[in-house]
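Presented below is the structure to which this report refers.
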Amino acid sequence: MDALRYRLPQERTLRTPLPGPRSQALTARRRVAVAAGVGSSVPVYAADADGGVLVDVDGNSLIDMGAGIAVNSVGASNPAVAQAVSEQAAHFAHTCFMVTPYEGYIEVAEALAALTPGTHDKRSVLFNSGAEAVENAVKVARLATGRNAVVCFDHAYHGRTNLTMALTAKAMPYKANFGPFAPEIYRMPMSYPFRDEAGLGGGESARRVISQIEKQIGADTVAAMIIEPIQGEGGFIVPAAGFLPALVEWARSNGVVFIADEVQTGFARTGAWFASEDEAIVPDIITMAKGIAGGLPLAAITGRAELLDAVHPGGLGGTYGGNPIACAAALAAIESMRQLDLPGRARQIGELAQRRLRALAAEVDVIGEVRGRGAMQAMEFVRPGGVEPDPDITKAIAAQALEQGVIVLTCGTYGNVIRLVPPLVIGEELLGEALDVLDTIIRSLAGRNRG
């Protein structure tokens, strides 16, 4: 990362116990001002962030292994993004593309057509959030096919709006008591190699899905199949090789729109621009957000021209979708990813992390599996001697890591997965230090479990 100059010292420094007094004071204010339904996994309040560190309001510098849930790929205050935002804001912050359009929106759409898999003719629409992108991808698929049914998968996460809650698998905290949900949503078994029956490969897993669709729904009623190439909130589940290509082939032969939800996997996170490339699949529509715009709210769908152009004028859009400041940020972020070769950097992060984590897993009996791709790595924790999920040790690891100045995130249907999604601009020394901290914590807790 010699090409990048950091604004803040890239070091872990603890000046107070965490959370510190100023963070505690903000928590007290928050309780009387912010709805209780908005949760935060880390009880410290940010004051600054750069590269691989986050500085809280008490002056503590923490190693950031979460990147705002895989958003800050180019860093939380990337200079090119900051400059682009400032320059655009000095001209105009908003006109609404549906009223008075502007070039930045078109430039982002052109960039997405070039970056996303496939050489076919493409069209894009810009939105504000990943959930909004998913909603609109389903809208497009239903209109273009004249069908209603949508197939999704176990362990999926697609958002918190009504339709995306229906697509999301986990009830608590995402769906509990928020129904009724959108109809015509059908859930199929995911390829989950660690928990699948022994010997169940990707092709056989796909055949199981296809058989259930054809028997229980009928292929000619399915508008779309939506899947995360690597599942995010569900536990960073990497499907068995061959699973995704077999589903794409079936979808193509049955007129079903294949939607790849790349909200978390997109924009260099897995070591390719998009995770779909890893298995050489070409989705009909890709949904994107998170890493697209250097931290600003922007999302997109990019898909086959004949699908998106089937929608009548006015059928897609939104007041803030493709905001000019967010578009400027996206163009700067994408150019930074190119200049810094962040796909290559993600692969380096993955190699370093996997080497360390696999060595650790071989020595303790609480890590059931280390998995992931690029800078999207995970450890699934189990009770010693089996595969029973252990959410307790997972919570303890995250809590102790924070105490020692390392931010990590948990995930998984069973709450037993630690995920590592650092900024792609994190330095190797800082990354190694974070892994050292986790190694020590996990060994200590594993020893207690045995005792």
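The values are calculated or read from the model by the stated rules, or taken from the named source; none is laboratory data. Bear in mind that the values here come from a model prediction, so they are computed numbers and not experimental data. Here the Cβ positions follow ideal geometry from the backbone for every residue, glycine too, while neighbour counts run over all protein chains shown.
Just a few scattered comments:
- Taken as a whole, the condition of being surrounded by fewer than 24 Cβ atoms within 10 Å (Cβ to Cβ) and without any contact (Cβ under 8 Å) to a residue 12 or more places away in the chain does not apply to Thr413.
- Residue count for region 283-314, restricted to those that are over 30 Å from Gly75 (Cβ atoms) and surrounded by 18 or more Cβ atoms within 10 Å (Cβ to Cβ): 4
- Qualifying residue in region 159-180 (condition: outside any helix (DSSP H, G or I), within 27 Å of Thr319 (Cα to Cα) and of a type in the set (A, V, I, L, M, F, W, C)): yes
- Against the test of being at pLDDT 95 or above, at positive phi and in contact with an Asp or Glu (Cβ under 8 Å, 6 or more places away or on another chain), the options Gly75, Gly20 yield a single qualifying residue, Gly75.
- Taking the criterion of being in contact (Cβ under 8 Å) with a residue 60 or more places away in the chain and aliphatic (A, V, I, L, M), the residues of region 364-377 that qualify are Val364, Val366, Ile367, Ala375, Met376.
- Candidates Ala240, Ala251 - the one that is more than 14 Å from the chain's Cα centre (by Cα) and either closer than 29 Å to Pro391 by Cβ or not assigned by TED's automatic domain parsing to the domain that holds Ala133 (or both): Ala240
- Scanning region 330-360 for residues that are out of contact with any Leu (no Cβ under 8 Å at 6 or more places or on another chain), crowded, with 18+ Cβ neighbours inside 10 Å and among the small types (Gly, Ala, Ser) returns Ala332, Ala333, Gly350.
- Residue in region 20-33 that is more than 28 Å from the chain's Cα centre (by Cα), of a type outside the set (Ser, Thr, Tyr), within 19 Å of Ala398 (Cβ to Cβ) and assigned to a loop (DSSP other than H, G, I, E, B) present: yes
- Region 163-184, residues that are more than 22 Å from the chain's Cα centre (by Cα) and not small (Gly, Ala, Ser): Asn177, Phe178, Pro180, Phe181, Pro183, Glu184
- Matching entry among Gly266, Gly271, Gly317 (being assigned by TED's automatic domain parsing to the domain that holds Asn136, assigned to a loop (DSSP other than H, G, I, E, B) and over 22 Å from the mean Cα position of the chain (by Cα)): Gly317
- Total residues in region 382-439 satisfying the condition of being β-branched (Val, Ile, Thr), over 21 Å from the mean Cα position of the chain (by Cα) and part of a loop (DSSP other than H, G, I, E, B): the figure is 1.
- Taken over region 320-363, the criterion of being free of Cβ contacts under 8 Å to residues at least 12 places away in the same chain, assigned to a helix (DSSP H, G or I) and of a type in the set (A, V, I, L, M) is satisfied by Ala359 alone.
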